[in-house]
Each structure stands twice: as C-alpha cells, then as structure tokens.
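Peer 1: Have a look at this one before I ask anything.
The values are calculated or read from the model by the stated rules, or taken from the named source; none is laboratory data. For clarity, every value in this text was computed on a predicted model and none was experimentally measured. Methodologically, a virtual Cβ is constructed for each residue, glycine included, from the backbone with ideal geometry; neighbour enumeration extends over all protein chains shown. Just so you know, the surface numbers come from the protein's heavy atoms only, side chains and all, with ligands and any DNA or RNA stripped out. Shrake-Rupley method; radii C 1.70, N 1.55, O 1.52, S 1.80 Å.
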Amino acid sequence: MAKNSVIYPLSNVNKQSQSILIQRGEGSYVLDENGRRYLDLNSGLWNVPLGYGLRQYERIIAEQCHTLHYVNLISASSPITDQFADEMIDYAGGGFVRLVYACSGSEAVECAVKIARKYMHISGQPERKVILSFDMSYHGTTCAAMSVSGMVRETVEYAPLMEGVRFLRTPFFPGTNGAEKEEKEREEYLKDLEKNFREQDVAAVLLEPVMGSGGIISLPDWYQTRLFDLIRRYGVVLIADEVATGFGRTGCKFASEKFSVKPDLLCLSKAVTNGIMPMGAVLINRRIADAYASKKEYINHFSTQNGNPIACAIGCETLRLIDEKMIRTINRQSDQWRTLLEVLRQGQPRVREIRIQGLMIAIDLVDNEEKPVSMDELGLLESFALRQGMLLYIFQCPGRTAGLMLMPPYELTKEEIARAVRALDKVIESIG
C-alpha cells in the first residue's frame, strides 16, 4: 500500500489522497482502479488534446530512446532538437525566427520576461523594465510567473515577488446587463490603459489571447485596438502567452494569429507533447533576435532538460497531427458545443452565460443573488460530475466570475458531446 508521500498541487499538505486514482487512459477516457471510465473534459490539464494511448507516439519514443535520449545543449545539439525548432517556427508562422527551449509554461513565461527586459537594456533603454499584465490573468507558479499573474498577485506568503509589474484592469462585462455596463465604463478602461503607457517605463505587455484560468475571457475589440496601437506607438515588446491557447485549442493554430500586431515573443507548452513529456519554448521574432545578434548578446536561460530529444521527437509528431484538417474538426465541434450549451443555458437560471473560444469553454454560474457561486458549491459540482463519469475543471476569479470549465479533447464524436452536455445539465441541476 502506498505511504501517501505526495504533496498534491494546490491542496492542503495534510491531504492523503485524491478523489480518483487513475490507472490508465484510452482515447478520450481515463479509467480508475476499478475499471470505471471517465470522459476527460480537462484533456489532462489542458495538455492532452489528442487523447491517451496513441500508437504513433509509442513508436517515436522507442526509436528516439534507442538513438539518443539526452543532449546537453550548452555544449552540443542533436538532429531532432534542431529539427523541432525549425518545424515549430514554420508551423507558427508570424515572423518568428528563433526558439529558446524550456520545460514548462511557467518557465517559458519567465524566460520571455527576461528576454524582453534585456532587449530594452541592449537597445539603450535600460529604464524600461515594467511588465504590464492583466488582473484576471494567470501565467504560472514559478516566482516570476506568479509575479505577473493577476489572479495570484496578492499571495503575500511568498512576498516579495518580482518587482516592476503593473496590472491592467481586465474589461469584463458578463450577463444580461453586460453590454450596457461596457458602454458606460469603456472610456474609464481606456484611460487606465493609456496612463500605464505614458510613464514610458514599459518593457513588455504580457497577454493571454484568451484568459484561461480567469474564465475564458477575451479582450473586447475596442480595447484590443487601443492596446495594440499603444504597443506600436511606444515600441513595447508584445509577449503572447499561448501555453493554454496554442496548437488548435481556440480553432486556429495560435490564437494570436488574429491580432493586428504580431507578437514579438510567443510562449508555448502544454499540448506540444500531448502531455507525454515536459516541454516548453519561447519563439522570438526578427526584431528581438536581430537586436541580440547585433550586440553579440546571449540569453541567460537554461535548465537541464531543455530541448530533450525525446520531447522534441514527440513535438514533431504533434505538429503533424494538429494539421488544418484537425483545425476544421475543432471548429465543427466548437459549433456543436455552442449550440447544445445554449439550450442548456436557457433552461438553467444559475447559468449567467456560456463563453466559448474554439474548444475553450466556460459555464459561468451564479447564486440566487446573481453573484458568482462559491468555491464550496463548485467543489460539490466537481464531485457530482465525477460521479457522472466526467472530469472537468472549476474556476473562480473572486468577485468577477466562477463556474465550470471544459477543455475537451479534439476528436469527440457527436454522441459523446451530446451525452456530456446532458450530464452537465444534471450536474448544474444538483445545486438547485
């Protein structure tokens, strides 16, 4: 019997076990120790979009293990490490020319912040150190990633966090009176935005194209237009955190493809290896790369497993699997989820709204006083969903929004989606 030595992430350290012990995965399902199947509407932790047990990956892993399982990038490279970087840059498009390896999304964000700050320094603007982020954002749990995450910025137990970070108010207007509130407050949000740029101390804006942990939130078009105008006007570095949104999740390869300003730096992780190996990266555009090259500068960032050959081999296969055909499948499935969940919303007074971007889905829930539901209620919903044979994610941004989040696998059948929505209806009904 296990000694229960694990401290589980984001849980009380006295917690001795999780509510489910997963023994294996099959396609879009995981099975517990009793053989019961659960539809994984989390896609792992948003990082297993292609499902479990793909034979293509097994063959690739075995071949790469036999050939070369590790290379120290400080003193050497390997064909597959170089190959993935080239293929990743081609896949992303957007004018990226170089890649820095990482092992996670948090690490990629941390690396991007360092690249942006040093870029300003070597460009003769060392006073520009501030990173602008959003107050409903989430970028990870390393010290720097927490420092730029609006949702955890008041975590005083770990103070002092990284200095030189300011948070922009996220324009978010849910519910039936949202449009009226948006119209009234628009100018106030734009004034706050412009005030932060006038200091001329900003190195970079760090932006999730869709704020994931905050509740599947996109910036309104009017706000994006002004934000990108200010980024251009002041020469600020734009960092796109596509750790959650990349590789088809929003219905295109990368959500930042739709931006009117192309990112200077793009952070990626999660889906790149379908959850099989830890991997992350930062893509760098020509402007930033040329500035470093012209000064013969280096990027002070490395961890031991960066560019692991097995992870790179898996990554190359992921790029082949998440192709234009699969993107079309994602968009078709998104439409089906949207149609069925709208019917659910109309029959459930506790559902304030449904927010969908591709296969990123938030079911925004409120109590009888029209306030976001409590974490206690969300915990009950999560447990009820488990009994219904579903794994899903609960989210809360205190005072703003709370509810259920789905990050479904990319290749569910129409019947599986319809069955999941019926089960979700029962889950929401369980809290009255």
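Peer 1: Within the range 368-376, identify whether any single residue is buried (at least 22 other Cβ atoms within 10 Å of the Cβ), in contact with an Asp or Glu (Cβ under 6 Å, 6 or more places away or on another chain) and in contact (Cβ under 8 Å) with a residue 12 or more places away in the chain, and answer yes or no.
Peer 2: Within the range 368-376, one or more residues are buried (at least 22 other Cβ atoms within 10 Å of the Cβ), in contact with an Asp or Glu (Cβ under 6 Å, 6 or more places away or on another chain) and in contact (Cβ under 8 Å) with a residue 12 or more places away in the chain.
Peer 1: I've got another one for you. Considering only residues that are touching a residue at least 60 places away in the same chain (Cβ under 8 Å) and surrounded by fewer than 19 Cβ atoms within 10 Å (Cβ to Cβ), which ones fall in the range 279-288?
Peer 2: The answer is Arg286, and nothing else.
Peer 1: Here's a follow-up. Only residues that are open to solvent by less than 100 Å² (accessible area, probe 1.4 Å) and part of a loop (DSSP other than H, G, I, E, B): list them for the range 21-35, please.
Peer 2: Matches in the range 21-35: Ser28, Glu33, Gly35.
Peer 1: If you don't mind, another one. Are there any pairs with C-beta distances below 7 angstrom linking a residue in the range 46-69 that is closer than 20 Å to Ile22 by Cβ to a residue that is in a helix (DSSP H, G or I) and of a type in the set (D, E, K, R), with the two at least 6 apart or on different chains, and if so which?
Peer 2: Filtered contacts from the range 46-69: Trp46/Lys270; Asn47/Lys270; Tyr57/Glu317.
Peer 1: Those residues that are touching a helix residue (DSSP H, G or I) at 6+ places or on another chain (Cβ under 8 Å) and surrounded by fewer than 17 Cβ atoms within 10 Å (Cβ to Cβ), I need them from the range 36-50; list them, please.
Peer 2: Leu45
Peer 1: Please list, ordered by first then second residue, the pairs with beta carbon atoms under 9 Å, 6 or more apart or interchain, first in the range 410-432 and part of a loop (DSSP other than H, G, I, E, B), second open to solvent by 60 Å² or more (accessible area, probe 1.4 Å).
Peer 2: Listed pairs, sorted by first residue: Ser430/Leu380; Ile431/Leu380; Gly432/Asn368.
Peer 1: Another question about this same structure. Could you list, ordered by first residue, the pairs with Cβ atoms under 7 Å in which the first is in the range 157-170 and touching a residue at least 60 places away in the same chain (Cβ under 8 Å) and the second is open to solvent by 70 Å² or more (accessible area, probe 1.4 Å), at least 6 apart or interchain?
Peer 2: none
Peer 1: So, one more: Checking the condition within 26 Å of the chain's Cα centre (by Cα), at positive phi and at pLDDT 95 or above, which residue from Gly164, Gly175 passes?
Peer 2: Only one candidate passes the filter, namely Gly164.
Peer 1: Which of the residues that make up the range 51-96 are surrounded by 17 or more Cβ atoms within 10 Å (Cβ to Cβ), among the β-branched types (Val, Ile, Thr) and assigned to a helix (DSSP H, G or I)?
Peer 2: Ile60, Ile61, Ile80, Thr81, Ile89
Peer 1: Is it the case, given these coordinates, that Ala240 is open to solvent by less than 20 Å² (accessible area, probe 1.4 Å) and either of a type in the set (A, V, I, L, M) or modelled with pLDDT of 95 or more (or both)?
Peer 2: Yes.
Peer 1: Quick check on my filter: what residues within the range 351-382 are at pLDDT 95 or above and among the polar types (S, T, N, Q)?
Peer 2: Hits for the range 351-382 are Gln357, Ser374.
Peer 1: Of the residues Ala116, Ala112, which single one is hydrophobic (A, V, I, L, M, F, W, C), surrounded by 16 or more Cβ atoms within 10 Å (Cβ to Cβ), out of contact with any helix residue (DSSP H, G or I) (no Cβ under 9 Å at 6 or more places or on another chain) and within 25 Å of Tyr158 (Cα to Cα)?
Peer 2: Ala112
Peer 1: Still on this structure, I have one more. Looking for whichever is assigned to a strand (DSSP E or B) and open to solvent by less than 10 Å² (accessible area, probe 1.4 Å) here; the options are Leu341, Leu365. Which one fits?
Peer 2: The match here is Leu365.
Peer 1: Same structure again: Using beta carbons and a limit of 8 Å, which pairs, at least six apart or on different chains, have the first residue in the range 28-40 and on the phi < 0 side of the Ramachandran plot and the second one buried (at least 19 other Cβ atoms within 10 Å of the Cβ) and charged (D, E, K, R)?
Peer 2: Note: pairs meeting the criteria are Ser28/Asp40; Tyr29/Asp40; Val30/Asp40.
Peer 1: Is there any pair linking a residue in the range 310-329 that is closer than 11 Å to Gly248 by Cα and part of a helix (DSSP H, G or I) to one that is acidic (Asp, Glu) and open to solvent by 20 Å² or more (accessible area, probe 1.4 Å), with Cβ under 8 Å and at least six apart or on different chains, and which?
Peer 2: Close Cβ pairs satisfying both conditions: Leu319/Glu87; Met326/Glu411; Thr329/Glu411.
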